[in-house]
Amino acid sequence: MAESVIKPPKKQLGPVAWMRMHLFSSWYNTLLTLIVGYLLVTSVGPVLNWLLLDADFKGSDPSDCTGAGACWLFINQRLNFFIYGFYPNELQWRIDVMFALLALSFVPQFIENFPGRKWLGIFGMTGLPVVGYVLIPGGSFGLEAVDSAKWGGLTLTLIIAYIGIIASLPIGILLALGRRSDMPIIRGLCVVFIEVWRAVPLITVLFMASVMLPLFLPEGMNFEKLMRALIGITLWQSAYMAEVIRGGLQAIPRGQYEAADALGLGYWKKTGLIILPQALKMVIPGIVNTFIALFKDTTLVLIIGLFDILGTVQSTITDPAWQNVAVEGYVFVAFCFWVFCFGISRYSQKLERKLDTGHKS
Amino acid sequence: MNNAKSIAVGAALILGAFTASTASAATTLESVKEKGHLQCGVTSGLPGFSQPDENGNWTGIDVDTCRAVAVAIFGDAKAVQFTPLTAKERLTALQSGEIDILSRNTTWTLTRDASLGLNFTGVNYYDGQGFLINKGIGVDDATQLDGATVCIQAGTTTELNLADYFRAKGMEFKPIVFDTSEQTVQGFASGRCDVLTSDRSQLAALRSKLADPSSAKILPNTISKEPLGPVVRQGDDQWFNIVKWVLFTQINAEELGVTMDNVDDMLKSDNPNIQRLLGTDGDMGAKLGVPADFGYKVVKQVGNYGEMYNRNVGPDTALGLDRGLNALWTDGGIMYAPPVR
């Protein structure tokens, strides 16, 4: 019987057919394929050579960078500084614990059927900041205090982005609800808050926080610079978040509100049980978009002298002992940002698919 | 509406000024001792002056200047925390009390000294603006640079000095402005300009970043005076004196031949100048409000001025700067400190 099964013609299946269909289906597609192919062949080789083949990974000092490629040795040597900043060496386990908890909370979210992943996610949103608040600054439970001026590198980038994200979402939801409220004073306040903060560039907010604010405060009474920057970033981000969420609120059909009213639900029950779950689900792409934008905007703290990962790299690539390591430094920073932003983006796509209840056409 | 706003802002300013003046009852020395460490403002990364090394420790001549003050007060070079500051926020950070000393290669000018509520305590590095040129253009002196294209870093006083210099000489130039120093070097290396201008202290380091350093040379001309030194808030004379005399002590130590290595032997010296400097005789420390042996400890832990210079920016470092103007007055430079007596 097996002989009687006729294989499909070679022209319609298999790699050759796939290429004919997708790459060479017409004369202009053939031309495009050839041009793109040529560009890939000529550029991938040199880039790979520079990144890996000709690059130097091992050694102990600048003279070991002899190849024509990248000098990853520089990154390797400074990695500790790029990740932990000025955090004291013997206390870096505290940051490691935080990294581990962060991974434990969010990596399982990508794995279907991971036991208790919902609870891990909830811990990541609520417990993790509390643990971090105790662990990173220290000063309680017998932990040695570490001044916030010593935080830096990737740690600081993550701290700023994480706090900005976690704090701006609830504030943004409240602002969005307030802006659509029937109470004129609350609505007025929310509109003013949102429009003022949204109309100001983040650089200005940071400058105000770091340069102007200390002048208004009495001498000796100083907020830490990081604290000032965090407050500025959170408020600024909340205004954006509020507008994204308001988009979701406006997209809910009027009937949903009326149906909730008809059931006799009060404002908070109506909002919490009917409106927000639908609205938030709808604006996930928008929310994640602002998260990613914020994550990258954290590099702006560089201009107020905070050493985020870009700051640590920029401060060391000028070291005269190393020749021209600027490109390596920036590639490293770009890679770090890509890893995190890509992760956030993938997660949001997964979440979107999972929560999709078929209302979308 | 506008009026109301400006009144509100004015009220906030006045309120700020009031609270500031009432809160500053404690002297800087007292508040530093209470904190247990010195807070020092530095750059966010300038080779030789203040830059974090691979372990995240700050190094540089500006950093050592702060460490010396910490040693004088606490006897411990580690009792200092560094606040990296950008050029824009450095003066505010000092005025607002966020830092106790600003040691961030800041040029001593009349405006800053007289109108910003700040005091410059001295000069720890005499810098000046110079030119790095491509040897190919065949120029030996800055006066031959008429019509040159010049690479500059944006937002620095270098830009202003350059314009002043060329105008005074009646010459033309075409500026090409870059945002960071790497970009400036790249611009120079790729031939977009004939000349790169920056502070002389940085030119050698920038030159060493070129693919072929021998293709460029530094012109002998210095077109501006940039005396760089530590800055403190005006109105606390005791603190001003301490910072001023710690640097003077280091300069005097070099002049008297007291070094990190021989300072213990020098304690037995018969020279009354050395005795007063190291605190074995007299009560110099008490007059300043610091321990009597502050001079000994500063030299022991940080070194004299020459050692501090050679360690960070001297001929054997990657910056490779000759002493030049920064040599002692006895060696043809202009480093001169009043006597300790």
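Rule-based calculations on the coordinates, nothing more; no lab input. Everything quoted here is computed from the prediction, not taken from an experiment. Because the Cβ atoms are built from the backbone with ideal geometry, glycine has one as well, and the counts that use them run over all protein chains shown.
Please report the spacing between the Cα centers of the stretch B:38-113 and the stretch A:98-176 in Å, no decimals.
Comparing the Cα centres of the stretch B:38-113 and the stretch A:98-176, I get a distance of 32 Å.
For chain B, what proportion of DSSP beta bridges, expressed in % and rounded to the nearest 5, is antiparallel?
In chain B, DSSP labels about 55 percent of beta bridges as antiparallel.
Compute the FRET efficiency between B:Asp76 and B:Glu54 as 1/(1 + (r/R0)^6), taking r as their Cβ-Cβ distance and R0 = 30 Å, and round to the nearest 0.05.
The computed FRET efficiency comes out at 0.80.
Could you check the spin-label model distance between A:Val191 and A:Leu23? Points 7 Å from the Cα along Cα→Cβ, value in nm.
Modelled inter-label distance: 5.9 nm.
Ranked from highest to lowest mean number of other Cβ atoms within 10 Å per residue, what is the order of the peptides B:163-176, A:270-283?
A:270-283, B:163-176
Can you give the calculated 222 nm mean residue ellipticity of the protein assembly as shown, where each DSSP H run of n ≥ 4 adds -39,500 (n - 2.57) and the sum is split over every residue, rounded to the nearest 500 deg cm²/dmol?
Mean residue ellipticity, 222 nm, calculated: -16000 deg cm²/dmol.
I need the peptides A:184-197, B:292-305, B:141-154 ranked by packing, meaning the mean over residues of other C-beta atoms within 10 angstrom, with the highest value on top.
Sorting A:184-197, B:292-305, B:141-154 by mean packing, highest first, produces B:292-305, B:141-154, A:184-197.
On a 28 Å Cα-Cα criterion, which of the cross-link pairs A:Lys225/B:Lys287; A:Lys58/B:Lys217; A:Lys296/A:Lys350 come out too long?
Beyond 28 Å: A:Lys225/B:Lys287; A:Lys58/B:Lys217.
I'd like the distance separating the alpha-carbon centroids of the stretch B:129-170 and the stretch B:313-329, in whole Å.
First find each Cα centre; the distance between them is then 23 Å.
Which net charge results for the neighbourhood of B:Phe131, defined as the other residues with beta-carbon distances under 10 angstrom from its beta-carbon, given Lys and Arg at +1 and Asp and Glu at -1?
With Lys, Arg at +1 and Asp, Glu at -1, the neighbours total 0.
Which residue fluctuates most in the GNM of chain A (Cα springs below 10 Å): A:Gly172, A:Gly286, A:Gly45?
A:Gly45
Tally Lys and Arg at +1 and Asp and Glu at -1 over the other residues with C-beta under 10 Å from the C-beta of A:Ile304: what net charge comes out?
+2
Out of A:Pro214, A:Pro129, A:Pro320, any idea which swings most in a Gaussian network model of chain A, alpha carbons joined below 10 Å?
Result for chain A, Cα springs under 10 Å: A:Pro320 fluctuates most.
Calculate the mean, over all residues of peptide B:49-59, of how many other protein chain Cβ atoms lie within 10 angstrom of the residue's Cβ.
5
Roughly speaking, what is the centre-to-centre gap between the stretch A:9-28 and the stretch A:198-275 when only Cα atoms are used, to the nearest Å?
Between the Cα centres of the stretch A:9-28 and the stretch A:198-275 lies a distance of 53 Å.
Under the definition of partner shielding as Cβ atoms of other protein chains within 10 Å of a residue Cβ, what is the mean value for peptide B:179-185?
Partner-chain Cβ atoms within 10 Å, mean over residues of B:179-185: 3.
Using the Kyte-Doolittle scale, which helices in chain A average at least -0.5 and also have C-alpha atoms spread 15 Å or more along the helix axis, with helices defined as whole DSSP H runs?
A:27-48, A:72-84, A:92-106, A:117-135, A:153-179, A:184-198, A:225-251, A:284-297, A:326-355
Residues with beta-carbon under 10 Å from that of B:Val42, excluding B:Val42: net charge, scoring Lys, Arg +1 and Asp, Glu -1?
For residues surrounding B:Val42, the net value is +1.
Taking N as the number of residues in the protein assembly as shown, what is its Cα Rg relative to 2.2 N^0.38 Å?
1.16
Calculate the mean, over all residues of peptide B:76-89, of how many other protein chain Cβ atoms lie within 10 angstrom of the residue's Cβ.
4
Please report the relative contact order for the stretch B:128-225, taking Cα pairs under 8 Å with a sequence separation of at least 6, and give it as a percent rounded to a whole number.
For the stretch B:128-225, the relative contact order is 49 percent.
Using only alpha carbon pairs under 8 Å that are at least six residues apart, calculate the relative contact order of the stretch A:233-332 and give it in whole percent.
Across the stretch A:233-332, relative contact order equals 23 percent.
At a Förster radius of 51 Å, what calculated FRET efficiency corresponds to the Cβ-Cβ distance of A:Ile166 and A:Leu51, to the nearest 0.05?
Computed FRET efficiency for A:Ile166 and A:Leu51 comes out at 0.90.
Compute log10 of I(q)/I(0) for the stretch A:155-327 with the Debye formula, placing one identical point scatterer on every Cα and leaving out solvent, at q = 0.09, 0.17, 0.20 Å⁻¹, to two decimals.
Ignoring solvent entirely, the Cα scatterers give -0.42, -1.05, -1.26.
Just for the stretch B:120-199, what percent of DSSP beta bridges are antiparallel, to the closest 5?
Among the beta bridges of the stretch B:120-199, antiparallel pairing accounts for roughly 40 percent.
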